[in-house]
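Reviewing the structure listed below.
Read the figures in this text as sums done on the coordinates, not as results from a lab. Being a predicted model, the structure only gives us computed values, none of them experimental. Quick reminder, even Gly has a Cβ in these numbers, built from the backbone with ideal geometry, and neighbours come from all protein chains shown.
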Amino acid sequence: MSRMIDMHSHVAWGIDDGMPNKMDAMEAISQAQQDGIVAICSTPHFIPGQLDQSVYDEIVSRQKELKEMSSLPIYLGGEVMMNSEFIQYLDDGLYPCINGTKYMLVEYNVLKDIHRISYHEDTLYECSVRGYKPVIAHIERYFHHGLDWDIIENWQNEGYVLQINRTSLMGMSGSQVQDNAWELLEKGVGHLICTDTHRSSGRRVECLSDAYQEVEERLGKENADLLFYSNPQAILEGRPVEDLTVVQKKKKKRFGFFRR
Ligand SMILES: [Fe+2]
């Protein structure tokens with residue numbers, strides 16, 4: 001079984017819209033273990049405008065409680081919402097980074113198409129100039145009418161880390177999101193694939209092996225290992241991530257030989 005690390009999970013209970021209780025959290029961890037996941041980064045929602053020191057402390061203490069009782073290694077992080085108040089509170093020290101590195105998992109409101117979020121570039125820029133390394137959560141979910149490559153290429157040029165959800169690849173978030181996710185990977189875009197677990201049953205659960213197999217089939221084992229293990233490990237250690245390579249190889253074959 002391949003080793004995988006899940007870097008985006010709402011497995012800590014009772015602090016956001018993730019796990020409702022401790023039993024579900026424990027069940028999710030056991031599912032992760034059976035699936036081949038060797039470590040989980042706990043990334044509860046941090047919502048600018050709804051945060052103060054006491055809310056922050058409550059979330060972190062629950063994460064520590066989870067870490068102590070878990071049979072799997074648990075790392076601490078968060079998923080910070082880049083809303084209209086994000087920049088205003090950016091210097092308050094209430095947005096967590098992943099495992100004490102400079103990597104910060106950030107998201108936009110997925111209900112809005114990215115073109116309707118006027119400040120979407122500013123939030124990332126303000127993170128970068130402060131030395132944070134944004135990891136943009138589930139990038140495939142912000143393009144409701146197909147990918148906008150101007151935006152994606154800009155993210156690549158800025159060196160942002162780009163995360164894709166397992167559920168998107170498996171078609172659990174609709175066909176447009178699924179098409180977006182595979183188009184990204186097939187064009188060599190994406191650094192890590194995660195569960196974005198919210199429950200111990202249903203769609204967003206602690207499972208990566210099905211997506212790993214699909215990715216391995218389409219992009220090869222080397223890239224699957226990069227997306228599910230090596231890049232997550234690099235992020236946990238604060239090292240740079242690597243880009244996918246399979247697509248370039250495919251292109252060479254297509255033009256260099258008579259494969260089609
Ligand atoms: Fe999430």
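Just from its helices, what would the mean residue ellipticity at 222 nm be for the chain, if runs of 4 or more DSSP H residues each count -39500 (n - 2.57) and the sum is divided by every residue, rounded to the nearest 500 deg cm²/dmol?
-11500 deg cm²/dmol
With +1 on each Lys and Arg Cβ and -1 on each Asp and Glu Cβ, how big is the dipole of the range 182-243 about its Cα centre, in debye rounded to the nearest 20?
Values: 7 positive and 13 negative charges, 57 e Å.
In total the dipole reaches around 280 debye.
For a protection proxy built on the mean count of beta-carbon atoms within 10 angstrom, sort 128-140, 55-67, 221-233, 187-199 highest first, please. Numbers along the way, then the final one.
Details: 128-140: 19.5, 55-67: 16.7, 221-233: 21.5, 187-199: 23.6.
Descending mean neighbour count gives 187-199, 221-233, 128-140, 55-67.
Projected onto the charge dipole of the chain (+1 at Lys/Arg Cβ, -1 at Asp/Glu Cβ, origin at the Cα centre), which of A25, L169, I74 gives the Cα projection farthest towards the positive end?
Of the options given, the answer is L169.
Which FRET efficiency value, to the nearest 0.05, do you get for S30 and K221 by plugging their Cβ-Cβ distance into 1/(1 + (r/R0)^6) with R0 = 30 Å? Walk me through the numbers before you get to the answer.
Numbers: r = 27 Å, r/R0 = 0.89.
In this case the efficiency is close to 0.65.
With a ≥ b ≥ c the root eigenvalues of the C-alpha gyration tensor of the chain, is it rounded (a/c under 1.5), prolate (a/b larger than b/c) or oblate? Mind showing how you got there, number by number?
Numbers: a/c = 1.76, a/b = 1.25, b/c = 1.41.
The shape class here is oblate.
Quick one: dipole size for the range 17-80, taken about the Cα centre, charges +1 on Lys/Arg Cβ and -1 on Asp/Glu Cβ, in debye to the nearest 20. Could the numbers behind the result be given before it?
Numbers: 4 positive and 10 negative charges, 34 e Å.
The dipole magnitude comes to about 160 debye.
Quick one: putting +1 on the C-beta of Lys and Arg, -1 on the C-beta of Asp and Glu, what dipole do you get for the range 99-257 around its Cα centre, in Debye to the nearest 20? Don't skip to the end; give the middle numbers.
Working: 20 positive and 24 negative charges, 59 e Å.
Dipole size: approximately 280 debye.
Which residue fluctuates most in the GNM of the chain (Cα springs below 10 Å): D150, D122, D179?
Fluctuation is largest for D150.
On a full-extension model of 0.36 nm per residue, what is the gain between N109 and N154, subtracting their alpha-carbon distance, rounded to one decimal in nm? Don't skip to the answer; put the middle values down first.
Details: separation 45, 0.36 × 45 = 16.20 nm, distance 1.94 nm.
Computed gain between N109 and N154 is 14.3 nm.
Is the shape of the range 37-184 rounded, prolate or oblate, going by the alpha carbon gyration tensor and its root eigenvalues a ≥ b ≥ c, with a/c under 1.5 for rounded and a/b larger than b/c for prolate? Numbers along the way, then the final one.
Numbers: a/c = 1.89, a/b = 1.28, b/c = 1.47.
Oblate is the answer for the range 37-184, as a/c is 1.5 or above yet b/c matches or exceeds a/b.
Compute the separation of the alpha-carbon centres of the range 220-243 and the range 19-36 and state it in Å as a whole number.
Value for the Cα centre distance between the two parts: 24 Å.
Between S175 and R203, what is the label-to-label distance in nm when each label sits 7 Å out along the Cα-to-Cβ direction?
It is 1.5 nm.
Just going by the charge dipole of the range 80-151, with Lys and Arg at +1 and Asp and Glu at -1 on Cβ, which of L94, Y125, I114 is farthest out on the positive end?
Farthest along the dipole direction, towards plus: L94.
Figure the gain on full extension for V129 and S2 (residue separation times 0.36 nm, minus the Cα-Cα span) and round it to one decimal in nm. Don't skip to the end; give the middle numbers.
Numbers: separation 127, 0.36 × 127 = 45.72 nm, distance 3.69 nm.
My answer for the length gained is 42.0 nm.
How charged is the neighbourhood of G49? Take every other residue with its Cβ under 14 Å from the Cβ of G49, and add Lys/Arg as +1 and Asp/Glu as -1.
-3
Quick check: pseudo-label points 7 Å beyond the Cα along Cα→Cβ at D52 and M69, how many nm apart are they?
Computed distance between label sites D52 and M69 equals 2.8 nm.
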